[in-house]
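Okay, structure first, notes after.
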Amino acid sequence: MAAPATAVQRLFEACREVFTGTGPGAVPPPAGVERIKSVLDSITAADVRLTSNMSYFRRVDAHGTPKITYLHLYKCEAFSIGIFCLPSRGVIPLHNHPGMTVFSKLLFGAMHIKSYDWAAAQQDTPDVQLQGPRLAKVKVDGILTAPHETSVLYPEDGGNMHCFTAQNACAVLDVLGPPYDDGSGRHCQYYNVSSSAISVGKIFT
């Protein structure tokens with residue numbers, strides 16, 4: 001009798017079936033999104049053999065910028081799976097996910113998340129080509145504490161641009177579909193929030 005599939009195997013199989021054949025910017029069908037989300041919701045830190053006392057989550061320099069570690073689990077043209085390990089006060093700066101659907105599961109810890117969507121879509125201008133300031137709106141601004149259900153963001157909605165700040169040792173399991181790919185124009189861009197923010201949103205530069 002075959003051994004039961006591990007949680008990570010179930011996640012891989014769900015991603016392979018849902019994302020295969022889905023092109024950049026094409027959001028998986030609702031049933032596919034729910035399938036991946038359901039598998040992620042069931043995964044714990046024990047399933048990926050992580051604990052908060054591992055070296056990934058220790059601050060080497062109490063006054064310097066904490067080092068963030070990315071544990072690569074799998075990557076193909078259709079999707080990628082990996083885990084971000086953040087020591088206390090570790091920061092993943094404000095960045096985007098062009099043409100991508102992203103699932104994030106906080107395995108343990110507490111982190112502040114601030115995410116944005118563009119206030120108005122520019123239909124004929126790919127996100128990767130944007131230059132200069134542009135108006136955006138806040139989607140999420142708060143602290144998430146594990147256990148917490150999986151967050152899902154989409155190419156044009158859900159907080160496609162976000163930043164994380166660890167309140168204590170945190171681990172985040174991420175699924176990206178499709179993954180970043182410079183050759184296909186899916187670059188990771190970083191943003192700054194302008195001091196000239198107005199009431200309806202924020203200006204990025």
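The values are calculated or read from the model by the stated rules, or taken from the named source; none is laboratory data. Because the structure is a prediction, the values reported are computed rather than measured. Counting neighbours? That spans all protein chains shown, and the Cβs are built from the backbone with ideal geometry, glycine included. Heavy atoms of the whole protein, side chains included, go into the accessibility calculation; ligands, DNA and RNA do not. Shrake-Rupley method; radii C 1.70, N 1.55, O 1.52, S 1.80 Å.
A few points about this structure:
- Pairs over the 23 Å Cα-Cα cut-off, from the set Lys67/Lys137; Lys67/Lys105; Lys75/Lys139; Lys37/Lys114; Lys67/Lys114: Lys67/Lys137; Lys75/Lys139.
- Cα shape, region 1-122, gyration tensor, a/c 1.5 rule: oblate
- Per-peptide average of other Cβ atoms within 10 Å, ordering 171-182, 8-19 highest first: 171-182, 8-19
- Across region 1-91, C-alpha contacts under 8 Å between residues 6 or more apart give a mean separation that, scaled by the residue count, equals a relative contact order of 26 percent.
- Here region 35-174 is assigned +1 on the Cβ of each Lys and Arg and -1 on the Cβ of each Asp and Glu. Its dipole about the Cα centre then comes out at about 480 debye.
- Cα gyration tensor shape of region 9-70, rounded if a/c is under 1.5, else prolate or oblate by comparing a/b with b/c: prolate
- Gyration tensor (alpha-carbon) shape descriptor, region 130-173, a/c threshold 1.5: prolate
- The listed peptides 26-36, 149-159, ordered by packing as a protection proxy, come out as 149-159, 26-36 (highest mean of other Cβ atoms within 10 Å first).
- Per residue, the solvent-accessible area of region 34-120 (1.4 Å probe, heavy atoms of protein chains only, all protein chains present) comes to 48 Å².
- For region 148-185 versus region 49-77, the inter-centroid distance based on Cα atoms is 16 Å.
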